[in-house]
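Engineer: Let me begin by handing over the structure; questions about it come next.
All of the numbers you see were taken from the coordinates with simple rules; none came from a lab. The model shown is predicted, which means the values in this text are computed figures rather than measured ones. Virtual Cβ from ideal backbone geometry, glycine too; neighbours counted across all protein chains shown.
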Amino acid sequence: EDQVTQSPEALRLQEGESSSLNCSYTVSGLRGLFWYRQDPGKGPEFLFTLYSAGEEKEKERLKATLTKKESFLHITAPKPEDSATYLCAVQTYSGSARQLTFGSGTQLTVLP
Amino acid sequence: ETGVTQSPTHLIKTRGQQVTLRCSSQSGHNTVSWYQQALGQGPQFIFQYYREEENGRGNFPPRFSGLQFPNYSSELNVNALELDDSALYLCASSLEGPGETQYFGPGTRLLVL
C-alpha cells in the first residue's frame, strides 16, 4: 500500500532560523512527488513537483530535494508569512486515474 | 487565466440529507479530482473524472458520486449524510497525463449535524 509520512508534525521557528521538513514515502511506481502549501481553511497551493532521485527545485526561500525514499523541503531564513501547513503527496494510479496520496502535513509557525 | 473555483464555500446539513458540491476547472484543464480533508489530516482521494467518466475511485462508498460536464466542470454528490462526512471537500483540476500537476480550489466546508 502506498504510504506517505511527514515529520515533524509541527515546527516552530524564529524568523531567520533555517530548517528542513521531511517526507518519506513507500510507493510502487512513483510518477511524481508534489509539495503544496495550505493556509488555514483554504485549498492547497502548488509549490513543486519532483520526478526523479537527485532532482532539486527552488522558489524564493524554499528548496525541495528528492531521494529514492524521501524528500526534503528546506526553508532558508524563513519569514512569518511562511507560516502554513506544508503537504507532501505522491502521484500513483487508481484504476486509470492519477491520484495523489498525501501525508498529514507539517504545521510550520515562524515567529517574528 | 481563471483558477479552480468551488461553491458553496460553507454548508450545514443534517444526518441523512443529500448534498451537491460544485467545481469549475482551471481554464484548459480536462480532468477533475475530488478529495476529502478531515481536520488535521491530509486530503484523501475520492474519485477522478476524465471525458465525463469516472476513471478511478479511492476508498469511498457508492453514496459518494459525481458528474463531469462537457465544459469540464464537475459535481460531487453525497447521499445519506453521516456525521463523519463533515470535512473540507477539495476539487483539483489538471491536464490528463502522468506527472501532471493538480491545482486545487478553495474547498467547500461541510458540517453534518
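Engineer: Calculate the radius of gyration of the Cα atoms of segment B:2-96 to one decimal place, then report Dmax, the largest Cα-Cα distance, as a whole number, both in Å.
Structural biologist: Both quantities, over Cα of segment B:2-96: 12.8, 37 Å.
Engineer: Let me ask something else about it. Find, among the GluC sites (Glu not before Pro) in segment A:1-51, those assigned to loop by DSSP (not H, G, I, E, B) with at most 14 other beta-carbon atoms within 10 angstrom. Can you show the working numbers first?
Structural biologist: Numbers: sites: A:Glu1, A:Glu9, A:Glu15, A:Glu17, A:Glu45; in loops: A:Glu1, A:Glu9, A:Glu15, A:Glu17.
Answer by residue number: A:Glu1, A:Glu9, A:Glu15, A:Glu17.
Engineer: Cut-off under 16 Å on the C-alpha distance; same-chain residues fewer than 8 positions from B:Lys13 excluded. Which aspartates and glutamates are left, in chain and number order?
Structural biologist: Of all the aspartates and glutamates, those that pass the test against B:Lys13 - Cα under 16 Å, at least 8 places apart if same chain - are B:Glu82, B:Asp84, B:Asp85.
Engineer: Per-residue HN-Hα couplings for segment A:92-105, Karplus 6.51 cos²θ - 1.76 cosθ + 1.60 at θ = phi - 60°, whole Hz, x for Gly and Pro?
Structural biologist: With the stated coefficients, segment A:92-105 comes to 9, 9, 10, x, 9, 8, 8, 9, 9, 9, 9, x, 7, x Hz.
Engineer: Calculate the spin-label point distance for A:Gln14 paired with B:Leu11, positioning each point 7 Å from the Cα along the beta-carbon direction, and give it in nanometres.
Structural biologist: 4.7 nm
Engineer: Further, regarding this structure: Roughly how far apart, in whole Å, are the Cα centres of segment B:84-113 and segment B:30-76?
Structural biologist: After rounding, the separation between the Cα centres reads 8 Å.
Engineer: Starting from the Cα gyration tensor of chain A, take the square roots of the eigenvalues, sort them a ≥ b ≥ c, and report rounded, prolate or oblate (rounded when a/c is under 1.5, otherwise prolate if a/b is larger than b/c, else oblate). It would help to have the intermediate numbers written out before the result.
Structural biologist: On the way: a/c = 2.11, a/b = 1.69, b/c = 1.25.
Cα axes put chain A in the prolate bin.
Engineer: Let me ask something else. Check cross-link reach from A:Lys63 to the aspartates and glutamates: straight Cα distance under 14 Å, and skip same-chain residues fewer than eight apart.
Structural biologist: Correct list for A:Lys63: A:Glu55, A:Asp82.
Engineer: Sticking with this structure for a sec: For A:Tyr93, B:Tyr103, what's the fewest-to-most ordering of other Cβ within 10 Å of each Cβ? The partial results should precede the final answer.
Structural biologist: Details: A:Tyr93 15, B:Tyr103 19.
Fewest to most other Cβ atoms nearby, the residues stand as A:Tyr93, B:Tyr103.
Engineer: What does the average come to when, for each residue of peptide A:88-96, you count the partner chain Cβ atoms lying within 10 Å of its Cβ?
Structural biologist: 4
Engineer: Rounded to the nearest 0.05, what FRET efficiency do A:Ala77 and A:Ser104 have when you use their Cβ-Cβ distance and R0 = 22 Å?
Structural biologist: On the way: r = 26 Å, r/R0 = 1.19.
With R0 = 22 Å, the Cβ-Cβ based efficiency is 0.25.
Engineer: I've got another one for you. How would you rank B:Glu82, B:Glu75, going from fewest to most other Cβ atoms within 10 Å of each one's own Cβ? The partial results should precede the final answer.
Structural biologist: Numbers: B:Glu82 12, B:Glu75 17.
Sorted ascending by nearby Cβ count, the order is B:Glu82, B:Glu75.
Engineer: How fast does the protein assembly as shown diffuse by Stokes-Einstein, in µm²/s, taking the Kirkwood radius from C-alpha pairs at 10 °C and 1.306 mPa s?
Structural biologist: On the way: Rh = 17.9 Å.
The calculation lands on 89 µm²/s.
Engineer: Follow-up question, since we're still on this one. Note down the net charge around B:Leu39, summing +1 for each Lys or Arg and -1 for each Asp or Glu among other residues with Cβ under 12 Å from its Cβ.
Structural biologist: On the way: positive: B:Arg109; negative: B:Asp84.
Spelling it out: positives minus negatives among the neighbours equals 0.
Engineer: Further question on the same structure: Among the lysines, which fall within straight-line cross-link reach of A:Lys59, defined as a Cα-Cα distance under 24 Å, with same-chain neighbours fewer than 8 residues apart omitted?
Structural biologist: A:Lys42, A:Lys68, A:Lys69, A:Lys79
Engineer: While we're here: Let me make sure I get this right: for segment A:63-112, a, b and c are the square roots of the gyration tensor eigenvalues over alpha carbons, sorted descending. Under 1.5 in a/c it's rounded, otherwise prolate if a/b > b/c, else oblate. Which is it? Each step should come with its number before you reach the end.
Structural biologist: Numbers: a/c = 3.73, a/b = 2.06, b/c = 1.81.
Taking the square roots of the gyration eigenvalues as a ≥ b ≥ c, segment A:63-112 is prolate.
Engineer: Summing +1 for each Lys or Arg and -1 for each Asp or Glu, what net charge is found among the other residues whose Cβ lies under 13 Å from the Cβ of B:Gly58?
Structural biologist: On the way: positive: A:Arg98, B:Arg57; negative: A:Glu1, A:Asp2, B:Glu54.
Residues near B:Gly58 contribute -1 overall.
Engineer: Test of understanding: in a Gaussian network model of chain A with alpha carbons linked when under 10 Å, which of A:Glu70, A:Glu81, A:Glu56 would top the mean-square fluctuation ranking?
Structural biologist: Ranking A:Glu70, A:Glu81, A:Glu56 by mean-square fluctuation puts A:Glu81 first.
Engineer: Could I ask something else about it? Within a 10 angstrom radius of each residue's Cβ in B:52-60, how many Cβ atoms of other chains show up on average? Whole number is fine. It would help to have the intermediate numbers written out before the result.
Structural biologist: Details: counts 0, 1, 2, 6, 7, 4, 4, 1, 0.
Shielding by partners across B:52-60 averages 3.
Engineer: Something else: In which sequence would B:Arg15, A:Arg98, A:Arg61 go, from the one with the fewest C-beta neighbours within 10 Å to the one with the most?
Structural biologist: Numbers: B:Arg15 11, A:Arg98 25, A:Arg61 14.
Listed from fewest to most nearby Cβ atoms, that is B:Arg15, A:Arg61, A:Arg98.
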